[in-house]
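Reading through the structure tokens given below for one structure.
The values are calculated or read from the model by the stated rules, or taken from the named source; none is laboratory data. The shown structure was predicted, so the numbers you read here are calculated from the model rather than taken from an experiment. Cβ coordinates were reconstructed from backbone atoms using ideal geometry, including for glycine residues, and neighbour counts include every protein chain displayed. Keep in mind that these areas ignore ligands, DNA and RNA; they rest on the heavy atoms of the full protein, side chains included. Shrake-Rupley method; radii C 1.70, N 1.55, O 1.52, S 1.80 Å.
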Amino acid sequence: MASRTRPLYLGLDSSTQSLSAVVVEVQGDERRVVLETSLGFDQSLPHYRTTHGVLPRSDPAVALSPPLMWVEALDVMFARLIESGLDMNRLVAVSGSAQQHGSVYLNAESAGRLNALDPLRPLAEQIRPALARQVSPIWMDSSTGAQCAQIAAAVGGQGALARHTGSRAFERFTGPQIRKFFQDDPAGYSATYRVHLVSSFLSSLLLGRHSPVDPGDASGMNLMDIRSKSWWTPALEATAPGLLSKLPLIAPSWTVAGTIAPYWRRRYGLPEVKVVVWSGDNPCSLVGVGLVREGRVAVSLGTSDTVFGLMKAPAADPGGHVFGAPTGDYMGLTCFSNGSLARERIRDTFGLTWQEFSRALDATPPGNRARILLPWFEPEITPSVTRPGVHRYGLAPDDAAANVRAVVEAQQMAMALHSGWMSVPIDTIHATGGAAVNMQILQVMADVFGAEVRRLEVGNSAALGAALRAVHADGLSEGRETSWDDVVRGLAEPAADTRLKPDPRRHAMYRELMPAYAACEAHALGRGIDPSPMLQRLRLGR
């Protein structure tokens, strides 16, 4: 058994492009990260011939990855951990995170092969014969529009599907991907014994038997009833025949599914480590950025902008997504595809540096004199915009400073507007992502939301969240009740010197401007009247 003297907890995260590991050491009430490492699939495993973790493709709507690449990466990562010099005899528990929505298809041989892994042979060559399908569709795949429509129609429409599963039918979700596989390759589907998510597949490798899936990842499939946290029969029947028997069991996120298989103990000299059921990257990140109570949300300012937070109850008909949370609660998430891309487009259009971008933001008045920009440079997820286009209302296209403020204000108002379905009062925002270093952008965020903004400097938040989930699950399994606030304290918290408070007057101004921004969106989408008179009244202060 592992030593209980300064125990170690391992969190893994298999993302689209890499496998990361975070090791947390616990000593009394203190927790600290003692190791953080990552391996890129393209660089470390070039023989799989992926680009950014995805196989070459001629159809941009299709995105596939080789599941054996994830298998080999797990083997390589454990070798790296052993070589790190950490005393792995202190390792007590491991859990993991994986990209949501990806699926792995195993045949009837898989159970026997998982149970009889030979520590003298590489893992990937032993798993290859267990695959019913040599490739895995991942979250980037958008080729299942027809299947989404079929599933939604069969269960009574998109609204009914969202109310039951937490999301309307999305092309990248696993249910539509399974239906496409069934329709395109009925023999391959028939030969499939188990459809795993990436998370439950990798957990199965550690256990040496088929692993359960947790509600956080299962909720990203359009197949799980979000309230009962069990498979929803109408969605299963609408997806593919006999699907229930092919899916993993659903188990709570803090479930200790077993101890690590002999393969890992003999190959790497590990102790009898507890394996905690894995989850998706979004639910793990919820813990990794410290969102373990209502009122806190995170805003990630990256390639896409995302707002997410914990909810005690699921919304009836969300405008975004509802996932299960590792705390046993729920997670609301809304994603905007025009994030850093839109900010960069405005910066580059006017030949600005980021410092000049920030100065332009400072030089313009909050509210921008009711000059509105809709920066849909690419197709947008929220609101749904299939034909991209930039729309300006009262905004001159050659006014650099006004366009800078317009893009920042539009993005913040869009996030505030389209996250309202969560019905959770927001008092604190944890800001992450590349643009979170820009304090001027964060001040606009604070003023629009009317909430304190704290910058969170977390690397590998999904892997950190997985490690903290392992800490929590181990405590429960040993009879120690530990609050989630205690679990994340000191590791998943913002720095105290990065707090920005909202200005009450500016927040009141943005609350007045928000309906006008919503009217601009509706007009641009062909759903509303010209908002110009409303904007003119705001400019005149009427």
Under Karplus coefficients 6.51, -1.76 and 1.60, residue-wise ³J(HN,Hα) of segment 230-244 in Hz, glycine/proline x: 9, 4, 9, 4, x, 5, 4, 5, 6, 8, 6, x, x, 5, 4
Extended-chain gain in nm, criterion 0.36 nm per residue less alpha-carbon gap, ARG265 and GLU493: 78.7 nm
Whole-number accessible area per residue in Å² for the chain, which is evaluated in the context of all protein chains at 1.4 Å: 38 Å²
Probe 1.4 Å - accessible area at THR50, Å² to nearest ten: 20 Å²
Low-density loop positions, GluC sites (Glu not before Pro), segment 467-518 - DSSP coil, at most 14 other Cβ in 10 Å: GLU478, GLU481
With DNA, RNA and ligands ignored, accessible area of ARG506 (1.4 Å probe; Å², nearest 10): 70 Å²
Among ILE529, LEU468, GLY479 - extreme Cα towards positive end, dipole of segment 440-542, charges at beta-carbon: ILE529
Electrostatic dipole magnitude of segment 320-437 [Cβ: Lys, Arg +1; Asp, Glu -1; Cα centre; debye, to 20]: 260 debye
Estimated dipole of segment 1-92 in Debye, rounded to 20 [Cβ of Lys and Arg +1, of Asp and Glu -1, Cα centre]: 80 debye
Inter-part distance where segment 136-159 and segment 199-235 are each reduced to a Cα centre, Å: 18 Å
Reduced Cα scattering model of segment 411-542, Debye log10 I(q)/I(0), q = 0.12, 0.15 Å⁻¹: -0.64, -0.86
Residue order for SER483, SER18, SER110 - accessible surface, 1.4 angstrom probe, largest first: SER483, SER18, SER110
Heavy-atom accessible area order for ARG511, ARG371, largest first, 1.4 Å probe: ARG511, ARG371
Heavy-atom accessible area order for ILE381, ILE151, largest first, 1.4 Å probe: ILE381, ILE151
Whichever aspartates and glutamates have a C-alpha closer than 20 Å to that of LYS501, once near sequence neighbours (fewer than 8 apart) are set aside: GLU294, ASP362, GLU409, ASP427, ASP447, GLU452, GLU457, GLU493, GLU512
Fraction of accessible area attributable to carbon and sulfur, the chain (%, probe 1.4 Å): 50 percent
Set of lysines near LYS274 by C-alpha distance (under 29 Å), chain-local residues within fewer than 8 positions excluded: LYS229, LYS246, LYS312
Part-to-part distance (alpha-carbon centres) for segment 322-360 and segment 470-538, which is given in Å: 13 Å
Relative contact order computed over the chain (Cα-Cα under 8 Å; 6+ residues apart), in percent: 15 percent
Separation between Cα centres of segment 368-406 and segment 1-71, rounded to whole Å: 37 Å
Rounded to the nearest 10 Å², the accessible area of LYS501 at probe 1.4 Å: 140 Å²
